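Student: Can you keep this structure in mind? I'll have questions shortly.
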Amino acid sequence: MKGGAHNVAGFGACDDGLMIDCSRMTGIQVDPDQRIVRAQPGVLIRDLDRETQALGLAVPGGFISSTGLAGLTLGGGFGYLSRRCGLTVDNLISVDLVTADGDRVRASDDQNAELFWGLKGGGGNFGVASSFEFRLHDLGPTVLAGPVVHDFDDAPEVLRQVSRVFESLPESVSCLPVLRYAPPAPFIPEQYHGRLILLLAMIHTGDPEAGESALAPLRLIGRPLADAVGPKPYCAFQAMFDKTAAHGARNYWKGHYLDELNDGAIDALCAQAARMPSKESSIGMLSLGGAVSRKQDTDSPYPHRSAQWVLNIQARWREMAEDRTHIDWARATFESVDPHATGGVYVNFLSEDEGEARVRAAYGEDTHSRLVALKRQWDPENRFHLNQNIRPGGS
């Protein structure tokens, strides 16, 4: 199944099989009176944001605008709005699905409720999602947002302060700290281009008049090299780092959840960032909590509600001959943080070689067993298997 073709596991195409390409199914219908949007599976986040933001509305999810809506949603979905508005699936109203038998069904709280539960994070295991319906939230379209940049030498102490500050920040504030090499962006002093930095991408999504005071505790940390926080269209902020995920590179991801961004995790991440073998790679850690944590683990197949941070280790490079170097770095980074992590993983951050054990870790044993039962009902022959697969046999 091919939607937005964003995920690096490569499950949108196959050898010696059938690919169903939904990328040109890009219809979007916004109902501002009902505060609902209906979108097809080829829609990208930028498309959804453009149509909903025209009316000052938004669906939570994503922080790269080229992300495909279908894959994002079916894996759970989070982004800059999740602390205030929850996961993407927390705002899902219904899904139209074509099953392995070719039947067309609708899944919602009132129709095929157990299937609907499984679609809220169980991936593309149960059929072809042909349409999604979401609740909308008020937002912008102008928000206070942007990056604050720190010297890499200051990264450990800055991250410690970020961790402490977040304990008292409102849910309208979200932050994505990223360890990476500085791109040639105009807001970064030229002498730091190509050098390791810590970038804090932050946003305030609540009352505009409260934005300056809400973000101040983050902006006042340390001695920033640059502060590009200011009023800007939400759509522009969502697309601000798209070049870091553009098509054409080789990619390998590893992920963790953290209950806290503690000293051990920070030291491990900074030590591995110093060994980063590619200037296109990065280590990102998105703040969670808030509305995400108020749902129960059993409300969807996303069982990581208590985690406060989600970690994405992104190895990105160009030459096939260098595969081992960059994959080994990502795995070593993952292992170095493992003692400080929850043991869980976001299913959309899994690479293609993770295996059955990591798929189970993405869901937990009880949720995985429930998904297996659902798979037996809706796809007993496992026709939809090119994914982070829930096998109908359970193993």
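Student: Would you say D353 is farther than 25 Å from A5 by Cβ, among the acidic types (D, E) and open to solvent by 60 Å² or more (accessible area, probe 1.4 Å)?
Tutor: Numbers: farther than 25 Å from A5 by Cβ: no; among the acidic types (D, E): yes; open to solvent by 60 Å² or more (accessible area, probe 1.4 Å): yes.
No; evaluated as a whole, the condition is false for this residue.
Student: Going residue by residue through region 131-147, is there one that turns out to be in a strand (DSSP E or B), open to solvent by 40 Å² or more (accessible area, probe 1.4 Å) and acidic (D, E)? Show your work before the answer.
Tutor: Kept after step one, since they are in a strand (DSSP E or B), are these residues of region 131-147: 131-135, 137-138, 142-147.
After this cut, where a residue has to be open to solvent by 40 Å² or more (accessible area, probe 1.4 Å) as well, the list is 135, 137-138, 142.
Now restrict to residues that are acidic (D, E): 138.
Looking through region 131-147, at least one residue is in a strand (DSSP E or B), open to solvent by 40 Å² or more (accessible area, probe 1.4 Å) and acidic (D, E).
Student: I'm trying to understand the selection: among the residues of region 181-221, which are small (G, A, S), surrounded by 14 or more Cβ atoms within 10 Å (Cβ to Cβ) and not in a helix (DSSP H, G or I)?
Tutor: Within region 181-221, A182, A185, A201, G206 qualify.
Student: Under 7 Å between Cβ atoms, at least 6 apart or on separate chains: pull out the pairs that start in region 31-50 with a residue that is under 17 Å from V95 (Cα atoms) and in contact (Cβ under 8 Å) with a residue 24 or more places away in the chain and end on any residue that is among the aliphatic types (A, V, I, L, M) and open to solvent by 60 Å² or more (accessible area, probe 1.4 Å).
Tutor: Q40/M25; P41/M25; G42/M25
Student: While we're here: Does region 118-128 contain any residue that is within 18 Å of G76 (Cα to Cα), aliphatic (A, V, I, L, M), surrounded by fewer than 21 Cβ atoms within 10 Å (Cβ to Cβ) and in contact (Cβ under 8 Å) with a residue 12 or more places away in the chain?
Tutor: Let us first name the residues in region 118-128 that are within 18 Å of G76 (Cα to Cα), namely 118-128.
So of that shortlist, the ones also aliphatic (A, V, I, L, M) come out as 119, 128.
Filter once more, so that each one left must be surrounded by fewer than 21 Cβ atoms within 10 Å (Cβ to Cβ): 128.
Then drop every residue that is not in contact (Cβ under 8 Å) with a residue 12 or more places away in the chain, which leaves 128.
Within region 118-128, one or more residues are within 18 Å of G76 (Cα to Cα), aliphatic (A, V, I, L, M), surrounded by fewer than 21 Cβ atoms within 10 Å (Cβ to Cβ) and in contact (Cβ under 8 Å) with a residue 12 or more places away in the chain.
Student: Restricting the search to region 79-98, which residues are over 18 Å from G62 (Cα atoms) and open to solvent by less than 10 Å² (accessible area, probe 1.4 Å)?
Tutor: Once the filter is applied, which keeps residues that are over 18 Å from G62 (Cα atoms) and open to solvent by less than 10 Å² (accessible area, probe 1.4 Å), region 79-98 yields S94, V95, L97.
Student: With the condition kept exactly as written, say whether any residue in region 107-125 is more than 23 Å from A58 (Cβ to Cβ) and assigned to a strand (DSSP E or B).
Tutor: Within region 107-125, the subset more than 23 Å from A58 (Cβ to Cβ) is 107, 110-115, 117-118, 122-125.
Then keep just the ones that are assigned to a strand (DSSP E or B); that gives 107.
Checking region 107-125: at least one residue is more than 23 Å from A58 (Cβ to Cβ) and assigned to a strand (DSSP E or B).
Student: Now for a different question. Looking at A361, A330 in this structure, which one is crowded, with 18+ Cβ neighbours inside 10 Å, of a type outside the set (S, T, N, Q), in contact with a strand residue (DSSP E or B) (Cβ under 6 Å, 6 or more places away or on another chain) and in contact (Cβ under 8 Å) with a residue 12 or more places away in the chain?
Tutor: Details: A361 fails: in contact with a strand residue (DSSP E or B) (Cβ under 6 Å, 6 or more places away or on another chain).
Exactly one of A361, A330 is crowded, with 18+ Cβ neighbours inside 10 Å, of a type outside the set (S, T, N, Q), in contact with a strand residue (DSSP E or B) (Cβ under 6 Å, 6 or more places away or on another chain) and in contact (Cβ under 8 Å) with a residue 12 or more places away in the chain, namely A330.
Student: Here's something else I'd like to know. Of the residues in region 222-239, how many are surrounded by fewer than 20 Cβ atoms within 10 Å (Cβ to Cβ), among the aliphatic types (A, V, I, L, M) and either over 21 Å from Q191 (Cβ atoms) or without any contact (Cβ under 8 Å) to a residue 12 or more places away in the chain (or both)?
Tutor: Total satisfying the criteria: 2.
One line per residue, one yes/no per condition, for (1) crowded, with 24+ Cβ neighbours inside 10 Å; (2) under 23 Å from the mean Cα position of the chain (by Cα); (3) in a helix (DSSP H, G or I):
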site	(1), (2), (3)
T26	no, yes, no
P60	yes, yes, no
S65	no, yes, no
A100	no, no, no
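Student: So, one more: Take region 300-321 and flag every residue that is in contact (Cβ under 8 Å) with a residue 40 or more places away in the chain and among the charged types (D, E, K, R). Reasoning before the result, please.
Tutor: Step one: list which residues in region 300-321 are in contact (Cβ under 8 Å) with a residue 40 or more places away in the chain, which gives 300-304, 306-320.
Selection gives R316, R318, E319.
Student: Might you check whether a residue that is in contact with an Asp or Glu (Cβ under 7 Å, 6 or more places away or on another chain), of a type in the set (A, V, I, L, M) and open to solvent by 40 Å² or more (accessible area, probe 1.4 Å) occurs anywhere in region 103-116?
Tutor: no
Student: Moving on. Give me the pairs: first residue in region 273-285 and more than 18 Å from R250 (Cα to Cα) and buried (at least 20 other Cβ atoms within 10 Å of the Cβ), second residue of a type outside the set (S, T, Y) and modelled with pLDDT under 95, beta-carbon distance under 8 Å, and six or more apart or on different chains, which are they?
Tutor: Close Cβ pairs satisfying both conditions: none exist.
Student: May I pose another question? So, in region 28-58, how many residues would count as being in a loop (DSSP other than H, G, I, E, B), open to solvent by less than 40 Å² (accessible area, probe 1.4 Å) and hydrophobic (A, V, I, L, M, F, W, C)?
Tutor: So in region 28-58, the residues in a loop (DSSP other than H, G, I, E, B) come out as 32-35, 40-43, 54-56.
Okay, now just the ones that are also open to solvent by less than 40 Å² (accessible area, probe 1.4 Å), so 41-43, 56.
Within this subset, residues satisfying the condition of being hydrophobic (A, V, I, L, M, F, W, C) are 43.
Adding up the residues that qualify gives 1.
Student: Here is a list: V178, V165. Which entry is outside any loop (DSSP other than H, G, I, E, B), in contact with a Pro (Cβ under 6 Å, 6 or more places away or on another chain) and within 27 Å of A271 (Cβ to Cβ)?
Tutor: Numbers: V178 fails: in contact with a Pro (Cβ under 6 Å, 6 or more places away or on another chain).
V165 is the lone residue from the list that is outside any loop (DSSP other than H, G, I, E, B), in contact with a Pro (Cβ under 6 Å, 6 or more places away or on another chain) and within 27 Å of A271 (Cβ to Cβ).
Student: Out of D242, D267, report the one residue that is modelled with pLDDT under 95, surrounded by fewer than 20 Cβ atoms within 10 Å (Cβ to Cβ) and either within 27 Å of R324 (Cα to Cα) or of a type in the set (S, T, N, Q) (or both). Talk me through it step by step, then tell me what you get.
Tutor: Numbers: D267 fails: modelled with pLDDT under 95.
Sole residue among the options that is modelled with pLDDT under 95, surrounded by fewer than 20 Cβ atoms within 10 Å (Cβ to Cβ) and either within 27 Å of R324 (Cα to Cα) or of a type in the set (S, T, N, Q) (or both): D242.
Student: Within the set of pairs 6+ apart or on separate chains, which have a first residue in region 54-65 that is within 22 Å of N312 (Cα to Cα), a second that is modelled with pLDDT under 95 and of a type in the set (D, E, K, R), and C-beta atoms under 6 Å apart?
Tutor: Cβ pairs passing all conditions: I64/D242; S65/D242.
Student: Considering only residues of region 11-24 that are exposed (fewer than 15 other Cβ atoms within 10 Å of the Cβ) and of a type outside the set (A, V, I, L, M), which is nearest to G140 (Cα to Cα)?
Tutor: The selected residue is R24.
The values are calculated or read from the model by the stated rules, or taken from the named source; none is laboratory data. Please read all numbers here as calculations on a predicted model, not as lab measurements. We place every Cβ from the backbone using ideal geometry, glycine too, and count neighbours over all the protein chains shown. Quick note on the areas: whole protein, heavy atoms, side chains included, nothing else; ligands and nucleic acids left out. Shrake-Rupley method; radii C 1.70, N 1.55, O 1.52, S 1.80 Å.
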